[in-house]
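Here's the structure we're looking at; comments come further down.
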Amino acid sequence: MTGTDVERDRDAQIDRWLVGRARDGDPAAYEELIRRHRDRIYRIALRITGDTADADDVTQEVVIQLWTALAGFAGTSAFTTWLYRVVVNRSLDHRRRHRPQPEPREADLAPVAGPERSVVAGEAVRAGLAAIARLPENQRVPLVLCQIEGLSYAQAAAITKTSEATVRGRLARARATLLAEMRSWT
Amino acid sequence: MTETLACGRPTAPLVEQVAEGRGQMLDEHQARCPHCRAALGEIERLWEPVRAVAAERPQAPRSLVESALRSVRSSRDDVEYGRIETPQGHTRVAARVVVALARHLAAQVPGVEVALGRLAAEGHRPGGELVPDVEAGVAGGSTAVQVTLAAAYGQDLQALGERIRTVVARGVREATGLEPVDVTVHVDDVFD
């Protein structure tokens with residue numbers, strides 16, 4: 001077992017302890033649980049919605065609603081798998097509610113900024129976020145989970161309730177789509 | 001970019017190679033193939049915005065999360081205050097501050113895996129200020145705090161409790177001016 005595996009096991013053990021106490025009604029345990037995961041919640045929401053105001057909304061909704069939703073967490077999977085699934089679904093719902101127009105086709109995409117070598121880091125991030133936000137949902141989610149957040153194929157498959165092969169396939173398509181869009185900017 | 005390069009190699013694996021951070025790790029063919037090297041260079045350049053997003057680690061706005069937690073939490077903790085009198089006036093310290101301090105301090109003690117803080121109910125007057133029954137009539141305030149924790153397996157838990165009591169009492173005293181008259185340590189679990 002590697003150092004990272006040991007650390008992951010320890011984190012999962014702490015999560016289980018906190019979840020157990022939170023489900024028994026201990027608000028301090030719930031707060032600690034949120035503190036441990038708030039940045040990941042926010043980042044996943046931000047990368048899936050592509051908008052900081054939307055990410056703020058999703059983060060707040062998740063923090064408020066998870067307290068009661070914890071009762072529905074069976075504990076058969078890792079807490080993070082369940083949590084990230086909640087965040088992904090809520091982010092997609094939020095985006096659908098607030099941007100009801102269909103996903104743009106590649107031909108409709110207007111360039112936001114060119115990924116030139118000279119662009120400052122902030123511009124590169126904005127260009128990347130905009131491109132990711134334009135991916136179809138089923139490509140965007142595995143890309144955010146694996147490519148951006150560094151989760152394994154197995155974790156992403158568990159979160160999205162698909163197979164590892166499906167995650168790999170969608171991730172490959174997402175990368176190809178992104179690359180095509182980046183190329184259209186130059 | 002075409003699906004197959006002039007050298008006959010498909011481009012899709014090159015995209016994966018760059019996306020997974022292996023763009024500089026050339027195999028034998030790539031090391032001497034100008035088509036592969038040019039394609040890898042081009043993909044590296046195009047991939048930069050995605051790499052920039054992955055490298056950025058924005059944090060959740062703290063005030064946003066705290067305000068969401070406030071709507072979850074019972075309001076009791078928000079209305080209790082410790083009170084430190086001085087000739088020029090007084091300083092009020094919210095109970096939550098003491099709780100947060102105790103949690104931070106306890107969590108840093110070696111052997112503690114995770115710690116939660118709370119005010120020990122018997123130390124406070126319900127709905128009122130933290131202290132007065134302990135040192136009534138003396139300038140200054142006292143507080144009683146409870147730390148609940150999970151500890152690492154294989155250590156002297158009594159000694160751990162003493163260390164936590166010392167660290168928490170000293171830290172709360174130094175940071176707030178309140179006197180921790182009671183620090184109760186509750187070891188709830190041990191982790192292997």
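Calculate the spin-label point distance for residue A:93 paired with residue A:24, positioning each point 7 Å from the Cα along the beta-carbon direction, and give it in nanometres.
Each label point lies 7 Å from its Cα, and together they span 3.0 nm.
Along the positive direction of the dipole of region A:11-105 (beta-carbon charges: Lys, Arg +1; Asp, Glu -1; about the Cα centre), which of A:33, A:20, A:62 reaches farthest?
A:62
With just the Cα atoms defining each centre, how far is region A:11-33 from region B:39-66? Give it in Å.
Comparing the Cα centres of region A:11-33 and region B:39-66, I get a distance of 30 Å.
Which helices pass in chain A if a helix is a full DSSP H run, must span at least 15 angstrom along its long axis by Cα, and must have mean Kyte-Doolittle hydropathy not below 0.5?
Helices meeting the span and hydropathy rule in chain A are A:121-133.
Based on other C-beta atoms within 10 Å, arrange B:85, A:149 from fewest to most.
B:85, A:149
Relative contact order for region A:1-102: what is it in percent, counting Cα pairs under 8 Å that are at least 6 residues apart?
Relative CO of region A:1-102 lands at 28 percent.
What's the extension gain from residue B:153 to residue B:28 if we count 0.36 nm per residue and subtract their Cα-Cα distance?
40.0 nm
Taking every residue in A:10-17, how many Cβ atoms of other protein chains lie within 10 Å of its Cβ, on average?
4
Which order results if A:184, B:71, B:142, A:91 are arranged by neighbouring Cβ count within 10 Å, fewest first?
Listed from fewest to most nearby Cβ atoms, that is B:71, A:184, B:142, A:91.
Let me confirm one metric for peptide A:122-132, namely the mean number of other chain beta-carbon atoms within 10 Å of its residues' beta-carbons.
Counting Cβ atoms of other protein chains within 10 Å of each residue's Cβ and averaging gives 5.
For peptide A:25-38, how many partner chain Cβ atoms fall within 10 Å of a residue's Cβ, on average?
5
Taking chain A as a Gaussian network, where each spring joins two C-alpha atoms under 10 Å apart, which residue of A:67, A:17, A:82 fluctuates the most?
Most flexible of the set in this elastic network: A:17.
Return the Rg/Rh value of region A:1-102, two decimal places, where both radii are evaluated on C-alpha atoms and Rh is the Kirkwood radius.
Ratio of gyration radius to Kirkwood radius: 1.01.
All of the numbers you see were taken from the coordinates with simple rules; none came from a lab. What you see is a predicted model; the values in this text were computed from it and never measured. So basically every Cβ, Gly included, is an ideal-geometry build from the backbone, and we count neighbours across all protein chains shown.
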